[in-house]
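The block underneath contains the structure these notes are about, expressed in structure tokens.
The values are calculated or read from the model by the stated rules, or taken from the named source; none is laboratory data. Everything numeric here is computed off the predicted structure, so don't read it as measured data. When we count neighbours, we look across all protein chains shown, and the Cβ atoms used for this are built from the backbone with ideal geometry, even at glycine.
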Amino acid sequence: MNQNLISWSGSYRDVKPANEILVVDDEEDMRDILAATLEPMGFPVRTFEDGDSFLRAASTQVPICVFLDIVMPRRSGLEILQELRERHYWTPIFLISARDDVPTVVEAMKNGAHDYITKPFDRSSPVLRVRDAIELWSCRERERTALNWQTNENSEWVRLTQNEKDMLLLARLMQN
């Protein structure tokens, strides 16, 4: 099974992100600006003009992060965010909006937004958010590998750090 495919089991531990960033905004100019800002980081950017097309894509792969506009036709970014959290979709989601009112920001954070970006924004702002998302995925990977358990020759369960695993592998290679 592709490790990037979504498992709606409620845990992000077994999911690794695909090497892409998703942008959801009904304004073509904003999609283009975000793509032009983020692609030089070396990650492909896939854009969506509405929440429904994004949700279809989100049901098959987990990106590094999502930039999600709040004000869109049919379904708001907050409604999309709520649905994603109900699905246990744990990729970092950065909500973007021209609205700068406290209740909207509070609701976004309560619903699991990783951060809130107010339009217009400095061009470095999305880049910093992507770096935050990469660091979050790195922390999750370290947490996942820290939970790997091994048995020793006495069939006792022990937890090994990555350095200990490397040393054990080296010792085994030297024996052969």
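Yes or no, residue by residue, for (1) under 16 Å from V23 (Cβ atoms); (2) touching a Pro at 6+ places or on another chain (Cβ under 7 Å); (3) not polar (S, T, N, Q):
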| site | (1), (2), (3) |
| --- | --- |
| E49 | yes, no, yes |
| I64 | yes, yes, yes |
| F67 | yes, yes, yes |
| I80 | yes, no, yes |
| S125 | yes, no, no |
Qualifying residues in region 36-90 (those that are aromatic (F, W, Y) and assigned to a strand (DSSP E or B)) - the one surrounded by the fewest Cβ atoms within 10 Å (Cβ to Cβ): F48
Residue match in region 124-132 (condition: closer than 15 Å to L38 by Cα, of a type in the set (D, E) and not in a helix (DSSP H, G or I)): no
Test for I93: is it touching a strand residue (DSSP E or B) at 6+ places or on another chain (Cβ under 9 Å), crowded, with 18+ Cβ neighbours inside 10 Å and assigned by TED's automatic domain parsing to the domain that holds A133: yes
Count - residues of region 107-126 that are over 13 Å from I70 (Cβ atoms) and out of contact with any Lys or Arg (no Cβ under 9 Å at 6 or more places or on another chain): 8
Subset of region 124-142 that is modelled with pLDDT under 90 and surrounded by fewer than 12 Cβ atoms within 10 Å (Cβ to Cβ) - its residue that is farthest from G42 (Cα to Cα): R142
Matching residues in region 44-93 - criterion: being under 16 Å from I117 (Cα atoms) and among the charged types (D, E, K, R): D69
Residue that is surrounded by the most Cβ atoms within 10 Å (Cβ to Cβ), among those in region 96-109 that are without any contact (Cβ under 8 Å) to a residue 40 or more places away in the chain and under 18 Å from the mean Cα position of the chain (by Cα): A108
